[in-house]
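See structure below.
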Amino acid sequence: MAQKITYCQVKRAGDFVFALVGLTVLAAPFFLVALIIKLESDGPAIRRQKRVGKDGKHFVMYKFRTMTMDAPNKAPTEFDPSKFITRFGSILRVSSFDELPQLVNVLRGEMALIGPRPVLPSEKTTNTLRQKHGVHSLRPGITGWAQVNGRNNLGGADSFEEERFKLDQYYLNHLSLKIDCLSVVRTFTTVIVGDGVYMEHAKTTVPVQKNVKK
């Protein structure tokens, strides 16, 4: 346990430095992306959404806006995102560039580079499982073990939420530099392949949704 705590402290320091450098390097691309978003559709370039973070505390997560302003403020499994995604937004989602403003959340200590993805307060099943089994003790990540092991192409004998939770719990139990490095490598592979970004035709009547990006 002491070793895991020490690693978490080192991990936090590394995340801070990486986020600071990343935001500096990406300042110009961020400005360009924000400008294109504003030109394509009405509304702010950055989407702010309440998510559940470490120890179950709520925080505001930042993303580049990829959908029109009339999109529901719900989990993507509750509606069809493809009806609201803009043309430029689809590019951002496939490349996962829309997630990079979360480096601000990393800099503020609300998120990590690697960790369980932060979910909405309304996702009761996931939040209950994470709280009960200690997953909420981790800072949520820009990418995570569940994302690189199926991303949102999850759902088999278990529900989407249960399968995602099992991967989150596995990450908690095996937290180490090795699993974080493996997550980084697999993240790049997943982004290049473009797997599990969002579903083209959601069917909100079925319990398990495929290809839905959060």
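The values are calculated or read from the model by the stated rules, or taken from the named source; none is laboratory data. The shown structure was predicted, so the numbers you read here are calculated from the model rather than taken from an experiment. Don't worry about glycine lacking a Cβ; one is built from the backbone with ideal geometry, like all the others, and counts go over all protein chains shown. The area values use the complete protein model at the heavy-atom level, side chains included, leaving out ligands, DNA and RNA. Shrake-Rupley method; radii C 1.70, N 1.55, O 1.52, S 1.80 Å.
Values computed for the structure shown
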| item | result |
| --- | --- |
| Failed condition for D168, given (1) open to solvent by 40 Å² or more (accessible area, probe 1.4 Å); (2) of a type in the set (D, E); (3) modelled with pLDDT of 90 or more | (1) |
| The stretch 47-101, subset of a type in the set (K, R), under 16 Å from R117 (Cα atoms) and touching a residue at least 12 places away in the same chain (Cβ under 8 Å), residue surrounded by the fewest Cβ atoms within 10 Å (Cβ to Cβ) | R48 |
| Subset of the stretch 1-34 (residues that are open to solvent by less than 80 Å² (accessible area, probe 1.4 Å), closer than 21 Å to L138 by Cβ and among the hydrophobic types (A, V, I, L, M, F, W, C)) | A2, C8, A13, A19 |
| V104 being touching a strand residue (DSSP E or B) at 6+ places or on another chain (Cβ under 7 Å), open to solvent by 50 Å² or more (accessible area, probe 1.4 Å), among the aliphatic types (A, V, I, L, M) and outside any helix (DSSP H, G or I) | no |
| Failed item, numbered, when D42 is tested on (1) in contact with a strand residue (DSSP E or B) (Cβ under 9 Å, 6 or more places away or on another chain); (2) more than 18 Å from R117 (Cα to Cα); (3) of a type in the set (D, E, K, R) | (1) |
| Residue check for I5: under 25 Å from V119 (Cβ atoms), free of Cβ contacts under 8 Å to residues at least 60 places away in the same chain, among the aliphatic types (A, V, I, L, M) and assigned to a helix (DSSP H, G or I) | yes |
| Selection from the stretch 75-93 of residues that are under 18 Å from S41 (Cβ atoms) and among the β-branched types (V, I, T) | I85, T86, I91 |
| Number of the condition not met by V33 [criteria: (1) within 15 Å of the chain's Cα centre (by Cα); (2) farther than 30 Å from G134 by Cα; (3) β-branched (V, I, T)] | (1) |
| Output for the stretch 153-165, where each listed residue is at pLDDT 85 or above and crowded, with 22+ Cβ neighbours inside 10 Å | R164, F165 |
| Condition broken by I37, with the remaining ones in (1) assigned to a helix (DSSP H, G or I); (2) of a type in the set (V, I, T); (3) open to solvent by 20 Å² or more (accessible area, probe 1.4 Å) satisfied | (3) |
| Residues satisfying the stated conditions in the stretch 161-174, i.e. closer than 11 Å to V135 by Cα and over 17 Å from the mean Cα position of the chain (by Cα) | Y170, N173 |
| Among the residues listed as K54, K50, K74, K83, the single one being touching a helix residue (DSSP H, G or I) at 6+ places or on another chain (Cβ under 8 Å) and among the basic types (K, R) | K54 |
